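Participant: Quick one: this structure, given as structure tokens, is what I'll be asking you about.
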Amino acid sequence: MNIESIGTVFQTQQNENNNIDQQEFIELFLAQLTYQDPLEPVDNSEFLAQMAQFSALEQARQTSQNIENLLFTTASSQASSLLGQRVDLGNIDGVIKAVTFSEQGPRFRLETSAGEFVNDIPLSQIRQIISQE
């Protein structure tokens, strides 16, 4: 999911094939315990290290998700605050008339001074806020 703020694009990538949830980890761990060599059982410290490592990975995943949600909320707030604002895109300027939200982030509809509409403008293309209409 790409999340934009003014002038910057943040990209988050998730590889679904490498994600393992807590239930799958427990199932794998129990299978490991079930089929271990009874003459050489898993050491308790190794067991605790695996559990601690998984716990740390799960916390990191949750933190990453929370940061992604925060970035999306910030981009949405920035986008909403631009409604009715006169902005400069570098080559044209006009008033932001509408904002839509998609997986690519917020997109704007701009009305130029000639009365023409320009659609699908990403937040990163806005160079300057000129004034409020």
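Participant: Suppose the filter is under 19 Å from I121 (Cα atoms) and at pLDDT below 85; does Q23 pass it?
Facilitator: So Q23 fails the test.
Participant: Look at A75 and say whether it is aliphatic (A, V, I, L, M), modelled with pLDDT of 75 or more and closer than 30 Å to G90 by Cβ.
Facilitator: Yes.
Participant: Which of the following residues is within 21 Å of the chain's Cα centre (by Cα) and under 17 Å from N119 (Cβ atoms): Q62, Q104, Q78?
Facilitator: Among Q62, Q104, Q78, only Q104 is within 21 Å of the chain's Cα centre (by Cα) and under 17 Å from N119 (Cβ atoms).
Participant: Select from segment 108-124 the residues that are in contact with a strand residue (DSSP E or B) (Cβ under 9 Å, 6 or more places away or on another chain), without any contact (Cβ under 8 Å) to a residue 60 or more places away in the chain and surrounded by fewer than 18 Cβ atoms within 10 Å (Cβ to Cβ) and list them in ascending order.
Facilitator: Matches in segment 108-124: R109, E111, T112, S113, A114, E116, F117, V118, N119, D120.
Participant: Out of F29, F54, I need the residue that is in contact with a Phe, Trp or Tyr (Cβ under 6 Å, 6 or more places away or on another chain), at pLDDT below 85 and either surrounded by 10 or more Cβ atoms within 10 Å (Cβ to Cβ) or part of a strand (DSSP E or B) (or both). Which one?
Facilitator: Within the list F29, F54, the selection yields F54.
Participant: Here is a check on your reading of the model: is D37 loosely packed, with under 15 Cβ neighbours inside 10 Å, at pLDDT 85 or above, over 25 Å from D21 (Cα atoms) and of a type outside the set (F, W, Y)?
Facilitator: no
Participant: Counting just the residues of segment 83-133 that are part of a strand (DSSP E or B) and among the small types (G, A, S), which one comes out nearest to E68 (Cα to Cα)?
Facilitator: Result: G105.
Participant: Right, next: Looking only at segment 69-85, which residues are among the aliphatic types (A, V, I, L, M) and within 20 Å of I130 (Cα to Cα)?
Facilitator: A75, A79, L82, L83
Participant: Report the residue count in segment 67-107 for those that are surrounded by fewer than 16 Cβ atoms within 10 Å (Cβ to Cβ), β-branched (V, I, T) and over 14 Å from S124 (Cα atoms).
Facilitator: Matching residues across segment 67-107 total 4.
Participant: What's the number of the only condition in (1) in a helix (DSSP H, G or I); (2) touching a residue at least 12 places away in the same chain (Cβ under 8 Å) that E46 fails to meet?
Facilitator: (2)
Participant: Can I3 be described as under 30 Å from I126 (Cβ atoms), modelled with pLDDT under 80 and not in a helix (DSSP H, G or I)?
Facilitator: yes
The values are calculated or read from the model by the stated rules, or taken from the named source; none is laboratory data. Quantities reported herein were computed from a predicted structural model and do not represent experimental measurements. Virtual Cβ from ideal backbone geometry, glycine too; neighbours counted across all protein chains shown.
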